[in-house]
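Written below as structure tokens is the structure these notes are about.
The values are calculated or read from the model by the stated rules, or taken from the named source; none is laboratory data. Keep in mind the model is a prediction, meaning the values are calculated, not measured. Cβ sites come from the backbone with ideal geometry, for glycine too, and all protein chains shown count toward neighbours.
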Amino acid sequence: MIEEGSVYGNGVRIANHILGGARFSIRPDDGVLDPNCRAWNFDNLYVTDGSCMPTSGGANPTLTIQANAFRIGEHLAQNVL
Ligand SMILES: Cc1cc2nc3c(=O)[nH]c(=O)nc-3n(C[C@H](O)[C@H](O)[C@H](O)COP(=O)(O)OP(=O)(O)OC[C@H]3O[C@@H](n4cnc5c(N)ncnc54)[C@H](O)[C@@H]3O)c2cc1C
């Protein structure tokens, strides 16, 4: 039996990649964060979890989330701290 929301009919393997709650964008009208994950209109509020990703891709997102967080860490170290 295939359950609603299941992965390949296996209910135990149901997983969610919840992304995009605070998308980064080139223009303020299109998202919550600027390309360096700083909240538009706030000087020192950065969001570096998966919510910055505009959409969920076709692959698991955790390593991309971590890589982006390191990128923002470098940006903060060089430009803010
Ligand atoms: C069952 C399942 C299996 C998955 N398997 C994989 C996989 O194999 N590979 C992969 O790449 N991805 C996988 N994912 C997706 C991956 O886990 C997520 O995409 C990733 O963890 C998201 O990272 P995040 O930092 O955005 O959020 P989270 O890892 O959810 O971190 C959010 C953190 O914020 C904390 N928090 C929430 N609210 C507050 C608050 N008000 N104050 C303080 N802290 C708060 C939470 O306690 C949590 O520690 C899986 C997800 C699920 C549910």
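A few notes on this one:
- Close pairs (9 angstrom Cβ cut-off, 6 or more residues apart or separate chains): free of Cβ contacts under 8 Å to residues at least 40 places away in the same chain and assigned to a helix (DSSP H, G or I) in region 17-29, crowded, with 16+ Cβ neighbours inside 10 Å and not aliphatic (A, V, I, L, M) anywhere: Pro28/Asp34
- Scanning region 30-72 for residues that are part of a helix (DSSP H, G or I) and without any contact (Cβ under 8 Å) to a residue 24 or more places away in the chain turns up Asp30, Thr62, Leu63, Thr64, Ile65, Gln66, Ala67, Ala69, Phe70, Arg71.
- Inspection of region 65-76 identifies at least one residue that is closer than 18 Å to Ser25 by Cβ and in contact with a helix residue (DSSP H, G or I) (Cβ under 6 Å, 6 or more places away or on another chain).
- Members of region 37-81 found to be acidic (Asp, Glu) and either within 14 Å of the ligand (Cβ to nearest atom) or at positive phi (or both), listed by number: Asp49
- Out of Asp29, Asp34, Asp43, sole residue that is modelled with pLDDT under 95, more than 12 Å from His17 (Cα to Cα) and not aliphatic (A, V, I, L, M): Asp43
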